[in-house]
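Undergrad: One structure, pasted below without further comment.
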Amino acid sequence: MHVALTGATGFLGLRLLRRLLTTHPSLTILSHAGSGDALSRITRFFELSGAPDELVRALPGRLRVVETALEEPRLGLSRAAFEKLADGLGTIWHSAGSINLEGDLAHLRRTNVEGTRHVLDLAAAGRHAPAVHHVSTAFVAGARRDGVAYEDELSGAHGFENAYERSKFEAETLVRDWARTHGRPVLVLRPSILVTDLPPHPELPTHPLQVVEQILRDSLRAAGHQDLPGTDRPRMRMVGHPYGHLNLMPVEEAADVMVRLAERSVPGGSASGAAAQGSAAPGGVTTYHVVHPHDVPVPTIIALLERLVPLHFDVVPERPEDATPLEALMDFYPGFTSYLRHRRRFDDTRVRTLFGARPSGYRVDLDYLCAGLVHGHAVPG
Ligand SMILES: NC(=O)c1ccc[n+]([C@@H]2O[C@H](COP(=O)([O-])OP(=O)(O)OC[C@H]3O[C@@H](n4cnc5c(N)ncnc54)[C@H](OP(=O)(O)O)[C@@H]3O)[C@@H](O)[C@H]2O)c1
């Protein structure tokens, strides 16, 4: 049956699209209306990521683009167009969303929660009851900084580090309610922070950590610092835990794992391995953490930040009382800085039960991270 994908021009969506095209002759792209020509942006990604010419040339014939507005009822389509679209679908991948860590809750809710509601409406309207694969985030675990977050858990009890996390939590809650009331299975895929070693390029979607670089540069400028080379770099204290760690998942591997998980799901039921564990009833939600087997220690993240911006960072346990103007400015972005205190792990037992305890194809270290973020960074052969 035919597959549709939202968010196909995004950092993750482009990799999902490329992976899906290995097994599907054609796909429907539910693109972001008014946001630039999706087909040419997709084509440019395929070229820049080294796709074979033959595949690049075939894209216009294999992709059908339907412009949609997530925030609008019926995705902004007429009733007739919405129903026709729904009736032609066997699977809907929902990857579109706003990942703005500084965004305000009302805006994030419109895109991430209402957007998900309208995608679920599309799935409900389809004559063939299309399967729904919802891209969430491991960070729905919220502001719980220690311990283990399990795939079955979904609780707002710990609060959230930022409005983005809250909006994704609310979207997942909506998905669970929908699956229950409609008696439909949904696959929920929770990647951690996605990264790549594909060199940065102005025509590629923004690498999530590029946003952090931009925030730091903006703060430097706002605090009146020039870009100072070498030893003149200003020092800045950042609150963090010396043994903190974060899970960073190569986006190409995340897309591959997600598509393989979807391929294992049984039409009309839950994913086969999960069903074998008795962990998901038909008509329910099966959730997977799509994470790297090894976390990245906070000192590596700090070393990366020092490669990106002309600053020296000192990790301190508490917010200093005598904060400099620069440190005070960084406090405006608690959405990011709080992650340096995190020491929790994401359990991915379900994924490992299905695919085995696999080593990742990628070693996510300073060199890997620099390759995807620092212009002209050469990875040692
Ligand atoms: N990036 C990460 O580290 C990360 C980690 C965990 C989970 N996730 C989840 O993965 C999914 C994809 O993230 P991403 O990294 O690919 O984000 P991204 O690069 O910002 O891409 C977002 C995608 O959503 C589309 N979109 C945004 N607003 C829309 C709207 N109003 N109507 C229709 N389409 C809209 C964008 O289209 P345009 O480009 O045309 O605007 C783009 O294709 C999101 O659900 C996110 O929460 C991401």
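Undergrad: Out of ALA58, ALA96, ALA33, report the one residue that is without any contact (Cβ under 8 Å) to a residue 12 or more places away in the chain, out of contact with any His (no Cβ under 6 Å at 6 or more places or on another chain) and not acidic (Asp, Glu). Don't jump to the end; show me each part of the working.
TA: Details: ALA96 fails: without any contact (Cβ under 8 Å) to a residue 12 or more places away in the chain; ALA33 fails: without any contact (Cβ under 8 Å) to a residue 12 or more places away in the chain.
The unique qualifying residue is ALA58.
Undergrad: Another question about this same structure. Being more than 10 Å from the ligand (Cβ to nearest atom) and either without any contact (Cβ under 8 Å) to a residue 12 or more places away in the chain or touching a Ser or Thr at 6+ places or on another chain (Cβ under 7 Å) (or both) is the filter here; which residues of the stretch 64-74 pass it?
TA: Within the stretch 64-74, the subset more than 10 Å from the ligand (Cβ to nearest atom) is 64-66, 73-74.
Once the filter is applied, which keeps residues that are more than 10 Å from the ligand (Cβ to nearest atom) and either without any contact (Cβ under 8 Å) to a residue 12 or more places away in the chain or touching a Ser or Thr at 6+ places or on another chain (Cβ under 7 Å) (or both), the stretch 64-74 yields ARG64, VAL65, VAL66.
Undergrad: List the strands (runs of 3 or more DSSP E) that sit entirely inside the stretch 179-260 and contain at least 2 residues that are within 30 Å of GLU47 (Cβ to Cβ) and in contact (Cβ under 8 Å) with a residue 40 or more places away in the chain.
TA: 186-191, 193-195, 248-250
Undergrad: Provide a single number: the residues in the stretch 1-32 that are more than 7 Å from the ligand (Cβ to nearest atom), part of a loop (DSSP other than H, G, I, E, B) and not β-branched (Val, Ile, Thr).
TA: Residues in the stretch 1-32 being more than 7 Å from the ligand (Cβ to nearest atom), part of a loop (DSSP other than H, G, I, E, B) and not β-branched (Val, Ile, Thr): 6 in total.
Undergrad: Is one or more of the residues making up the stretch 144-156 more than 16 Å from the ligand (Cβ to nearest atom), surrounded by 15 or more Cβ atoms within 10 Å (Cβ to Cβ) and at pLDDT below 95?
TA: Yes, the stretch 144-156 has at least one match.
Undergrad: Quick one: which of PHE139, PHE82 is touching a helix residue (DSSP H, G or I) at 6+ places or on another chain (Cβ under 9 Å), touching a residue at least 12 places away in the same chain (Cβ under 8 Å) and over 30 Å from ASP347 (Cα atoms)?
TA: It is PHE82.
Undergrad: While we're here: Just to be sure I understand, how many residues within the stretch 33-59 are basic (Lys, Arg) and within 14 Å of the ligand (Cβ to nearest atom)?
TA: 2
Undergrad: Give the residue that is farthest from the ligand (Cβ to nearest atom), with candidates limited to residues of the stretch 92-133 that are among the polar types (S, T, N, Q) and buried (at least 23 other Cβ atoms within 10 Å of the Cβ).
TA: Checking each candidate, the answer is THR116.
Undergrad: Related question: Which of (1) more than 12 Å from the ligand (Cβ to nearest atom); (2) at pLDDT 95 or above is the odd one out, the single condition GLU161 does not satisfy?
TA: (2)
The values are calculated or read from the model by the stated rules, or taken from the named source; none is laboratory data. Being a predicted model, the structure only gives us computed values, none of them experimental. Reconstructed Cβ throughout: ideal geometry from the backbone, glycine too, with neighbour counts over all protein chains shown.
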